[in-house]
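Below is one structure; the comments refer to it alone.
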Amino acid sequence: LHPANTLSLHDALPISKFPSAHFYHGELKDGPSMANKSKKAWHESPLFPPYAFMHVAGTESRKGFSWVNATEVSTALALYTRLLEDFPTTEEFSYTVGVVTPYKSQNEELERVFMNKFGTDILKRVAFNTVDVRILCSNKV
């Protein structure tokens, strides 16, 4: 067996703290000056850090072969709406917001609910993905 090569320098958003602590034994560090390059006004708010996992209490319901948690969907919509309300002059949100879910049906429900509120152009401004698809994507969301 060959020893595994591990990533030691993350040169994207300064989101290395979680994966560094949980997957890289604290050895993953941000690239030079990444904190300054990606710093945004809304990151000062505890609601909108650069990268967050949010636990939302709710109940999953079966939809076909998948699941949907309506409380999580409405929470995601409320957070995005609040982001737009708190930072109304910011034009920088286009495709910098991502919503990731483990369930295909929930992803479809998120897209449907967001399109109902914001129109179909929301799909050009917010990236909705399942965990497995998000891992394979290379966009910086």
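The values are calculated or read from the model by the stated rules, or taken from the named source; none is laboratory data. This one's a predicted model, so the numbers in the text were calculated from it and none came from an experiment. Note: ideal-geometry Cβ built from the backbone for every residue, glycine included; neighbour counts use all protein chains shown. To get the accessible areas, we keep the full protein, side chains included, count just its heavy atoms, and leave off ligands, DNA and RNA. Shrake-Rupley method; radii C 1.70, N 1.55, O 1.52, S 1.80 Å.
Data for the structure
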item: Residue match in region 36-57 (condition: modelled with pLDDT under 70, surrounded by 10 or more Cβ atoms within 10 Å (Cβ to Cβ) and of a type in the set (G, A, S)); result: no
item: Residues located in region 78-92, provided they are more than 18 Å from A127 (Cα to Cα) and open to solvent by 80 Å² or more (accessible area, probe 1.4 Å); result: E85, P88, T89
item: Among the candidates T75, T130, T101, residue that is touching a Pro at 6+ places or on another chain (Cβ under 8 Å), at pLDDT 85 or above and surrounded by 15 or more Cβ atoms within 10 Å (Cβ to Cβ); result: T130
item: Among the residues listed as S61, S74, S20, the single one being farther than 22 Å from R125 by Cα and in a helix (DSSP H, G or I); result: S20
